[in-house]
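*Asks:* Pasting a structure here, questions to come.
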Amino acid sequence: MMQSFNVIGAAGLVAPTQVTSGVAQGLIATALGLAIALFALFTCNFFSRTLSRTLDRMERLGSRVLDHIKLDQHELIESQHPKRPLVAVDVDVTVEEVR
């Protein structure tokens with residue numbers, strides 16, 4: 001485009017073919033710029049999505065690891081301090097026996 005304006009500015013009115021070559025160069029540069037921008041956009045979206053999925057998997061894995069650690073600690077505490085067996089108690093006491 002700058003070349004077209006330079007041709008017009010230097011010579012005044014010129015042949016349309018001289019002006020259109022500069023316009024064509026501008027359109028080609030614009031199309032190339034849009035293609036590069038689209039490629040960059042798709043690449044950025046791909047890596048962003050991959051990063052999001054990886055972080056999600058890592059968070060789920062971390063939660064599972066923490067759950068296993070808590071379960072192991074609970075089992076260790078129970079193995080060190082076993083619960084006493086329940087003893088059956090006869091509760092067939094009437095109200096008059098309690099008084």
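*Asks:* Residue separation times 0.36 nm, minus the C-alpha to C-alpha distance between Ala40 and His81: what's the value?
*Replies:* Numbers: separation 41, 0.36 × 41 = 14.76 nm, distance 6.12 nm.
In short, 8.6 nm is gained.
*Asks:* Mind giving me the FRET efficiency for Thr30 and Ser52? R0 is 25 Å, r the Cβ-Cβ distance, nearest 0.05 is fine. Let's see the in-between values first.
*Replies:* Working: r = 32 Å, r/R0 = 1.30.
E(calc), rounded to 0.05, equals 0.15.
*Asks:* Once the piece of chain linking Leu66 and Thr20 is laid out straight, how much longer is it, given 0.36 nm per residue of separation minus the C-alpha distance between them?
*Replies:* Result: 9.7 nm gained on full extension.
Computed from the coordinates by the stated procedures, all read-outs in this text should not be read as laboratory data. Keep in mind the model is a prediction, meaning the values are calculated, not measured. All Cβ positions, glycine included, derive from the backbone under ideal geometry; neighbour counts span all protein chains shown.
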